[in-house]
Amino acid sequence: MQDALLDVRHISKRFGGVQALRDVSLTLRRGEIHCLVGENGSGKSTLIKVIAGVCRPDEGEILVDGRGVGHLRPIDAVREGIQVIYQDLSLFPNLTVAENLAINTLIEHGCRWVTPGRIGRVASEAIARLGIKIDLHREVAELSVAERQLIAIARALLQDARLIIMDEPTTALTRREIDSLFRIIRTLQARGISTLFVSHKLTEVLEIGERITVLRNGGKVAEGDTSDFDYGSLVHHMTGREMCRTRGGPGQPGPPLLRVRALCRRDAFDDVSFDLRRGEVLGIAGLLGSGRTELAMSLFGLTPADGGTTEIDGEIVRLSNVHDAMARKVAYIPEDRLTEGLFLEQSIERNMSAADLGSFTRWGGWLDLGRMRQAVGKGMATLGIAAPSTASPVQSLSGGNQQKVVLAKWLMGRAGILILNGPTVGVDVGAKAEIHGKLMELARKGMGIIVISDDLAELACLCRRVLVMHRGRIVDELPMAEANEGSLAARLSDLE
């Protein structure tokens, strides 16, 4: 192809007995925004490493500007103008913005003596190229995730990048920050710089991409202009399954299970009132600082409310701590499962049974380990948790399987009210579909479910109603039968 910047042809790569890539070809044009999507384990990361020179393919070839480059080393990829911005951004948190921006250039030029003046000149050139304003003397640890993204992009431009590969760049960004990042990507495009945008957020892929390549099980299964795809077709290509979109639970919900009236907590939320019915999936949306997470934590007893009333099954209850909430069969799945929802070094068995150890305790305080393993094994099978055994450490699992372990823990505890904060953050689309399916199944069985999410497509897919929070108050209620993802996005945009 005449305007091709990068041409990856028939790449295959095996790690031991695992075929990570199988005959994958990908062409990136100059100034193109190309999106790469696929489930965890589809081969995305391996392909990125091949292009970046980190990983040598077993078969295939790579061409830059129509010229074969043989086996790329990382330094060769950089010299060809290929830069990768990984999800962790690879910045030094204890160094200043200027030092992070200048370090690669100074090393490349073999500088043995470094002065603040030289660091400042290099850093100033970097932010000038990107057209941003930022304090060069601040430590990177003090910056927001969005600001760190800008530093990583600016540093890549200093290396004369012609292709920037962004690996899951929006994972921790707000909608406003995502919009800002997209503006920068389009600015780079106008200057002839190509972007390979790797993400599992399909709505963003459809918004920013010009062309899309889909990987599944190490092979390319689809490629074309973005206009050739929609959300459902992408899910189908990635998973081999059709997407199920059922809103708010099947049929009509039952009587109120949870009643919240005038609930408040100082400096967090105020005068919050709503009902959650049996068999209903209720959504809560809001911008950063809206009070939605604080409300969830209060309903789980982590940060008790200062005023107002909470009723469960018609009885006024006081949720002063987590034990009170668990006694009332209230469960909470936090957004950060790694630090708040799991014991990473412990086994699946110990994690899943943690919320209901009393059910496995025999006379004298001894645990019935046989019965526990049997129950955990059944729970793993029900949720499709892929692991060699119940003794496998949770940290060895994929993000989707880790999230299923958190969910299974509360299901073993026989929760009646389930509150999920970001239920599929960092989870690939296949695991997301499985988690959504399980939530709908739980709703059919009469559980009341509250879903808090930044993923508007997720809320539109799952929820019968969505409450909109702003500055600690519920300011709107959208029945999703009459609304959609677009109207929800417009309502949140009005609050910015």
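A few notes on this one:
- Exclusive hit being modelled with pLDDT of 85 or more and within 30 Å of Val24 (Cα to Cα), set Val221, Val235, Val260: Val221
- Filtered residue count, the stretch 36-76, keeping only those that are of a type in the set (A, V, I, L, M, F, W, C) and under 30 Å from Val427 (Cβ atoms): 9
- The stretch 380-392, residues that are surrounded by 14 or more Cβ atoms within 10 Å (Cβ to Cβ) and either in contact with a strand residue (DSSP E or B) (Cβ under 7 Å, 6 or more places away or on another chain) or at pLDDT 85 or above (or both): Met380, Ile385, Thr390, Ser392
- Subset of the stretch 353-379 (residues that are part of a loop (DSSP other than H, G, I, E, B) and loosely packed, with under 13 Cβ neighbours inside 10 Å): Arg362, Trp363, Gly364, Gly365, Trp366
- Yes/no for Ala489 being part of a helix (DSSP H, G or I), assigned by TED's automatic domain parsing to the domain that holds Val281 and closer than 25 Å to Leu383 by Cβ: no
- Cross-chain or 6+ apart pairs with Cβ under 8 Å, the stretch 427-445 first and within 12 Å of Asn40 (Cβ to Cβ) and assigned by TED's automatic domain parsing to the domain that holds Gly279, then acidic (Asp, Glu) and outside any helix (DSSP H, G or I): Asp428/Glu39; Val429/Glu39; Gly430/Glu39; Ala431/Glu39
- Within this structure, Arg318 passes the test of being among the basic types (Lys, Arg), surrounded by fewer than 17 Cβ atoms within 10 Å (Cβ to Cβ) and either in contact with a helix residue (DSSP H, G or I) (Cβ under 8 Å, 6 or more places away or on another chain) or assigned by TED's automatic domain parsing to the domain that holds Gly448 (or both).
- Among the residues listed as Val466, Val451, Val425, Val475, the single one being over 25 Å from Ser273 (Cβ atoms) and either under 20 Å from the mean Cα position of the chain (by Cα) or not basic (Lys, Arg) (or both): Val425
- Some residue of the stretch 59-71 being more than 15 Å from Thr195 (Cα to Cα), charged (D, E, K, R), outside any strand (DSSP E or B) and not assigned by TED's automatic domain parsing to the domain that holds Gln403: yes
- Qualifying residue in the stretch 271-286 (condition: surrounded by fewer than 18 Cβ atoms within 10 Å (Cβ to Cβ) and not in a strand (DSSP E or B)): no
- Exactly one residue out of Gly16, Gly41 is touching a residue at least 60 places away in the same chain (Cβ under 8 Å) and at positive phi: that is Gly41.
- Pick from the stretch 84-99, criterion more than 17 Å from Thr46 (Cα to Cα) and part of a loop (DSSP other than H, G, I, E, B), ranking: nearest to the chain's Cα centre (by Cα): Leu89
- Yes/no for Gly254 being of a type in the set (Gly, Ala, Ser), in a strand (DSSP E or B), touching a strand residue (DSSP E or B) at 6+ places or on another chain (Cβ under 8 Å) and farther than 27 Å from Leu495 by Cα: no
The values are calculated or read from the model by the stated rules, or taken from the named source; none is laboratory data. Note that the coordinates shown come from a computational prediction; the quantities given were computed from them, not determined experimentally. As a convention, Cβ positions derive from the backbone with ideal geometry for all residues, glycine included, and neighbour counts pool all protein chains shown.
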